[in-house]
Every structure is written in C-alpha cells, then in structure tokens.
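Chemist: The structure that follows is given in the form of structure tokens.
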Amino acid sequence: MYGHAATLAEEIKRGAASVAGVEVKLWQVPETLSDEVLEKMSAPPKRDDVPVITPADLPEADGFLFGFASRFGMMPAQFKAFMDGTGGLWCEQKLAGKPAGFFCSTGCQGCGQETTALTGVTQLAHHGMIFVPRGYTFGAGMFEMDEVKGGSPYGAGTYAGEGSRVPSALELQQAFHQGKSFAEIAKKLKGSSA
C-alpha cells in the first residue's frame, strides 16, 4: 500500500539481474480496493511504470518471487484474488515445476512475516510449484540484533510502520541477496530441464 514491497522488489530485481543470462520483469497484481478506500487509507498512487499482470502472463516465466504487504498475518486479498484467477493454469498444470518464493512488508515486528509467506505456500503447492525459501543463506545478516529489521528464512522483508519508515540498508541487502540466489536456483532448474 505504501510502496515498501515495491522497494524490496526493485532490489530483488537488481540481485536477480546480476546473474548472467537472467531477464527480470516486475509486475503488479490488479488492485481490488476502490480509489475512495485507497485515498482514505492514505495510499499513494499505484506505479504506472509497472504493468498489471494477468494469469495468462505467468506461464512465460521460469520462476517467481511474489511480494506483498501482509494483512493480518497473511497474504492480502488482492494477491489471493489474483491466484484465484489461475484455475485454468492449474487445470493444465502450466505452473508445475516452476520455482517460486516470497518477500513481504508488515506494519511492525510480530505482524506475521513468516505466516504471510506460509499462506502463500498453499497456492504454490496446489500448482505443483517448487517453494524456494531464502533460508539462512544471508549469513550473519540474518542474526543481526543491533537494529530493527524485517525478513525471515522464508524471504526478505521490511517494516512499514504507518508508512513513514523506509526499508533499511540491511533489509535491502537481504532483498538483493534473495533475488540473486533465487535467480541462480531458477537458472539451474531451467538448465536441468533443457
């Protein structure tokens, strides 16, 4: 809503694009809230430089990192509505075997960064997709205790607060790392099926 997931997405894109031979695209799912409601929530305008995705766009990708803000410890309705529209792809198993992962933004600590990712895993499982968590591959940055930071072994994360907090340097580094490591895995998986 405030652009925090988009900021992480840009850094994830940079990380993924740092892997030779990887092409990265950013998409956004359709908004389900009215302009009136978004205005009351003080949400800034949606980015017009990132196209809105349709389910038909998904099969062309070799892998996905889905990012969103948490709503009450789970994926937001906008993402769930989008995934509900993928039934035709599910019937034909068009996404089976594709790697996917998550990153998210929450309002504060304890607001469900891990549970938010877990609610997305059900979507991947039904499609036969391969869940690729970040794990503890970021090393010491995962164990940093001197600053407030989002993220978990499930994926990169940030805290938005009431919208004024911006992702920290450490959160952006974690996002870059997730993008890079995910792209390396997706590239290996694609190469093994060639």
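The values are calculated or read from the model by the stated rules, or taken from the named source; none is laboratory data. The structure presented is a predicted model; accordingly, all values stated were derived computationally and were not measured. All Cβ positions, glycine included, derive from the backbone under ideal geometry; neighbour counts span all protein chains shown. The accessibility values were calculated without ligands, DNA or RNA, using every heavy atom of the protein model including side chains. Shrake-Rupley method; radii C 1.70, N 1.55, O 1.52, S 1.80 Å.
Chemist: So residue 53 clears everything in (1) without any contact (Cβ under 8 Å) to a residue 60 or more places away in the chain; (2) open to solvent by 70 Å² or more (accessible area, probe 1.4 Å); (3) touching a helix residue (DSSP H, G or I) at 6+ places or on another chain (Cβ under 8 Å) except one condition, right? Which one?
Modeler: The one condition residue 53 does not meet is (2).
For every residue, the table says whether it meets (1) without any contact (Cβ under 8 Å) to a residue 12 or more places away in the chain; (2) outside any strand (DSSP E or B); (3) more than 29 Å from residue 191 (Cα to Cα).
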| residue | (1), (2), (3) |
| --- | --- |
| 67 | no, no, no |
| 81 | no, yes, yes |
| 89 | no, yes, no |
| 97 | no, yes, no |
| 102 | no, no, no |
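Chemist: Looking at segment 170-194 only, could you name the residues that are more than 24 Å from residue 71 (Cα to Cα), out of contact with any Gly (no Cβ under 6 Å at 6 or more places or on another chain) and hydrophobic (A, V, I, L, M, F, W, C)?
Modeler: 183, 185, 189, 194
Chemist: Quick one: in segment 1-27, which of the residues that are open to solvent by less than 50 Å² (accessible area, probe 1.4 Å) and of a type in the set (Val, Ile, Thr) is farthest from residue 175 (Cα to Cα)?
Modeler: If we filter segment 1-27 for residues that are open to solvent by less than 50 Å² (accessible area, probe 1.4 Å), which is where we start, we get 3-6, 8-9, 11-12, 15-16, 19, 22, 24, 26.
Then keep just the ones that are of a type in the set (Val, Ile, Thr); that gives 12, 19, 22, 24.
Working: 12: 5, 19: 14, 22: 17, 24: 14 Å.
If we take residues in segment 1-27 being open to solvent by less than 50 Å² (accessible area, probe 1.4 Å) and of a type in the set (Val, Ile, Thr), then 22 is farthest from residue 175 (Cα to Cα).
Chemist: Quick test of your reading of the structure: residue 166 fulfils all but one of (1) free of Cβ contacts under 8 Å to residues at least 60 places away in the same chain; (2) out of contact with any strand residue (DSSP E or B) (no Cβ under 7 Å at 6 or more places or on another chain); (3) over 21 Å from residue 24 (Cβ atoms); (4) part of a loop (DSSP other than H, G, I, E, B). Name the failing condition by number.
Modeler: It fails just one condition, (1).
Chemist: Which one is least open to solvent (accessible area, probe 1.4 Å), of the residues in segment 151-162 that are farther than 16 Å from residue 66 by Cβ and part of a loop (DSSP other than H, G, I, E, B)? Steps first, please.
Modeler: We begin by selecting, within segment 151-162, every residue farther than 16 Å from residue 66 by Cβ; these are 153, 159-162.
Pick out the ones that are also part of a loop (DSSP other than H, G, I, E, B) and you get 153, 160-162.
Working: 153: 26, 160: 8, 161: 36, 162: 130 Å².
Among those residues, the one meeting the criterion is 160.
Chemist: Restricting to segment 28-49, name every residue that is among the small types (Gly, Ala, Ser) and surrounded by 11 or more Cβ atoms within 10 Å (Cβ to Cβ).
Modeler: Our first condition is that a residue be among the small types (Gly, Ala, Ser); within segment 28-49, this holds for 34, 42-43.
Once the filter is applied, which keeps residues that are among the small types (Gly, Ala, Ser) and surrounded by 11 or more Cβ atoms within 10 Å (Cβ to Cβ), segment 28-49 yields only 43.
Chemist: Then there is this: Here are the criteria: (1) open to solvent by 80 Å² or more (accessible area, probe 1.4 Å); (2) touching a Pro at 6+ places or on another chain (Cβ under 9 Å); (3) among the β-branched types (Val, Ile, Thr). Tell me which single one residue 166 does not satisfy.
Modeler: Only one criterion in (1) open to solvent by 80 Å² or more (accessible area, probe 1.4 Å); (2) touching a Pro at 6+ places or on another chain (Cβ under 9 Å); (3) among the β-branched types (Val, Ile, Thr) is unmet by residue 166, namely (2).
Chemist: Also: Looking at segment 96-104, is at least one residue under 13 Å from residue 66 (Cβ atoms), out of contact with any His (no Cβ under 6 Å at 6 or more places or on another chain) and open to solvent by 20 Å² or more (accessible area, probe 1.4 Å)?
Modeler: Kept after step one, since they are under 13 Å from residue 66 (Cβ atoms), are these residues of segment 96-104: 98-104.
From what's left, out of contact with any His (no Cβ under 6 Å at 6 or more places or on another chain): 98-104.
Filter again for open to solvent by 20 Å² or more (accessible area, probe 1.4 Å), leaving 98.
So far as segment 96-104 goes, yes, one or more of its residues are under 13 Å from residue 66 (Cβ atoms), out of contact with any His (no Cβ under 6 Å at 6 or more places or on another chain) and open to solvent by 20 Å² or more (accessible area, probe 1.4 Å).
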